[in-house]
Structures are given as structure tokens and as C-alpha cells.
Amino acid sequence: MNLPSFLWLWKIAAWSMGFSILAYAILSLSGFWLWQVRNTGRSPIGVVLPRVNTIVKNFHYIIGLIMVSLVLLLLVIGIVGTLGHFRSLGHSSHLFAGLIVVVLVLISAFSATQISAGKFWARPLHLTLNMILFFGFAWVSLTGWSVVQKYLP
Ligand code: HEM
Ligand code: HEM
């Protein structure tokens, strides 16, 4: 494949990453809401309305699933694009960064399903993984941005 036909693929990658980071920001805000209600009995708007809290919880869950889908899409784009171009993987630390982010996101989503199942380890695991994910996202974006330069005309 020639180079210009590849550029659109990395554009999708850049857009998906933008939406992933937006999703992350929304998740940290809605997650903070849930955390505050549980720990202080107050919500960021003061009172706790059970119905509003259920909405925030479902919203957090749906945005979480969207973020998981975006990261998996990025994984597929990265692997397909790299194989199509080089016929092999492992051309920079971006591969390692990408795999780390995928693993973090998947375990985080799994731990989220275990919070409602009442597992004591699920909540701290969910929080810790998501804090590490912040740096994972930064790493994968920076390395992704630098490998994209190779494809720019
Ligand atoms: C990977 C996708 C994600 C999914 C599917 C997800 C889902 C969930 C679920 C189901 C809960 C439990 C709500 C409850 O029953 O109390 C939860 C709690 C929480 N999540 Fe997420 N989440 C995701 C990502 C994130 C991210 C990226 C952050 C922060 C940057 C975050 C921060 C929180 C916080 C702070 C809580 C509340 C914990 C507490 O009550 O102490 N989540 N999440
Ligand atoms: C969660 C986010 C991401 C994941 C999981 C991911 C995953 C991957 C993987 C696994 C590869 C194969 C790397 C190799 O074998 O060397 C790859 C390649 C690539 N990715 Fe990503 N990626 C992500 C974000 C991005 C972003 C934000 C960009 C920039 C727009 C980007 C641009 C690229 C490019 C240009 C390649 C080709 C590598 C090369 O030419 O050396 N990726 N990605």
C-alpha cells in the first residue's frame, strides 16, 4: 500500500484517541461523584438524590464501555496498519505502550463488574488501575504521535 492510503488510518487513530481522552475525563468526573457520595454521603451538587445517583452510575458505566471499545479499535488499527506497512510488528516502544494500555483498560473494566458483585478488592483495584491508565494514555499518545511523523508527506 502506498503512503497516502495509510494516512486516513492514522487520522482515525488520532480521533479515537481524542475521544478516549475525553471519555477518560468524563469517567474521572462521574467516578469522583460516585466516590464522594459513598464516602461523604454528599454529592458534588450537595444533596444525594437516589435517582440521580443511579443515572450517574449507569452513565459512568456506558462511557466506560465506550472507552473500552475505542481502545480496542485503536489496537486493531495499530496492528492492521503496522502489518500492512511493514509485514511485522514491534517497530517502536509504541507497541509496548499500546499493549499496556489495552491490558489496563480491560482489567479496569473487569474490576468494575466486580464492584457490584461485592468483592472487597474490586474498588481499590479499579481506582489504582485508572490512575496508572492516565500515564499509560499519555505514553501511548506521545509515542503514537511520534511514529505518525513517519507517514506524514
Ligand atoms: C474502563 C471503563 C470503566 C468502567 C466500565 C467503569 C465502571 C465502573 C463501575 C461499574 C463502578 C461502580 C459503581 C458502583 O456500583 O458504585 C465504577 C466506580 C468508579 N469508577 Fe469507574 N469505570 C471505568 C473507568 C473509570 C475511569 C477511567 C475512572 C477514573 C479516571 C473511574 C473512576 C471510578 C471511580 C472514582 C469510581 C467510584 C469508586 C468508589 O465508589 O469509591 N472509572 N466504575
Ligand atoms: C490506546 C491507544 C493505542 C493503542 C492501543 C495502539 C496500538 C498500536 C499497536 C499495537 C501498534 C503496532 C506497533 C508495532 O508493532 O510496532 C500501533 C502502531 C501504530 N500506531 Fe497506535 N495505538 C494507540 C494509539 C495511537 C495514536 C494516538 C496514534 C497517533 C495518531 C497511533 C499511531 C500509530 C502508528 C502511526 C503506528 C505504526 C507504527 C510504526 O510505524 O512504527 N496509535 N498502535
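Derivation of every value follows stated rules applied to the coordinates shown; laboratory data play no part. On a predicted model such as this, the values are computed, not experimentally measured, just so you know. Using ideal geometry, Cβ is built from the backbone for each residue, glycine included, and neighbour counts are taken over all protein chains shown.
Below is a table of values for the structure above.
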read-out	value
Degrees between helix 93-116 axis and first principal axis of the chain (Cα, 0 to 90, nearest 10)	20
Segment 139-153 - phi-based ³J(HN,Hα) in whole Hz, Karplus 6.51/-1.76/1.60, Gly and Pro as x	5, 5, 5, 5, 5, x, 4, 6, 6, 4, 4, 4, 9, 6, x
Scaled radius of gyration (Cα, divided by 2.2 N^0.38 Å) that segment 12-88 gives	1.51
Built amide H within the under 5 Å cut-off of residue 43, gap 5+	48
Rounded to 10°, Cα long-axis angle of helix 4-40 versus longest principal axis of the chain	10
Exposure rule at most 13 other beta-carbon atoms within 10 Å, DSSP loop chymotrypsin sites (Phe, Trp or Tyr not before Pro): the chain longest free segment	1-119
For the chain, alpha-carbon Rg relative to the globular expectation (2.2 N^0.38 Å, N residues)	1.21
Partners for residue 57 among lysines (Cα-Cα distance below 23 Å; same-chain residues under 8 apart left out)	119
Loop-located trypsin sites (Lys or Arg not before Pro) in segment 1-100 whose Cβ has at most 10 other Cβ within 10 Å (DSSP)	87
